[in-house]
1. Within region 105-140, restricting attention to residues that are basic (K, R) and modelled with pLDDT under 95, which residue is least open to solvent (accessible area, probe 1.4 Å)?
2. Can you tell me which residue is nearest to the ligand (Cβ to nearest atom) among those in region 49-95 that are free of Cβ contacts under 8 Å to residues at least 40 places away in the same chain and of a type in the set (F, W, Y)?
3. Working carefully through the options D116, D134, find the one that is outside any loop (DSSP other than H, G, I, E, B), at positive phi and acidic (D, E).
4. For region 88-135, which residues satisfy the criterion of being among the small types (G, A, S) and under 19 Å from T44 (Cβ atoms)?
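The values are calculated or read from the model by the stated rules, or taken from the named source; none is laboratory data. Since we're looking at a predicted model, the values are computed, not measured. Heads up, the Cβs are rebuilt from the backbone with ideal geometry, glycines too, and the neighbour counts pull from every protein chain shown. Surface areas here come from the heavy atoms of the whole protein model, side chains and all, with no ligands, DNA or RNA. Shrake-Rupley method; radii C 1.70, N 1.55, O 1.52, S 1.80 Å.
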Amino acid sequence: MDKEERFWLGVLAVVFLLVNVITLSPLVPWQEWMLWSRPTPDQTVSVEFGDYEIGLPPEGVEVQVGEFVEFVATSSDVTYGFGVFRQDGTMVFQMQVVPGHENRMVWRFDETGIYDVRSTEYSGPRHSDMLVVDAIRVSP
Ligand SMILES: [Cu+2]
């Protein structure tokens, strides 16, 4: 390895470390409560996946801005994805829903609105039908 190669290897190592330090640090607003503190959820919402259906609580999901919500998703057959989307189609967050586990995610919504839920993991031929419009209502 010559001198120039060592230099660029060093640059790569520094970039790697910087990106990790920045993305894991509490400077990223949600990392403070996702990684560094363990807030007690204000409510828990169960989501049951199975046979290409997304089973949300029948009474709906009502959340307040700033509240910590724990989503607990299970699957009775294959791996799905639990994705929460804004009305403009941009994603808020998602997690994989692996069968045989309680897949947990704590989230704090910081904007009011109505959110859709869709499967974000290709799960088979009916995957694209896995959409629940207006699934989560976040109020002030
Ligand atoms: Cu799917």
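1. R108
2. That would be F82.
3. D134
4. Narrowing region 88-135 to residues among the small types (G, A, S): 89, 100, 113, 119, 123-124, 128, 135.
Answer for region 88-135, where residues must be among the small types (G, A, S) and under 19 Å from T44 (Cβ atoms): just A135.
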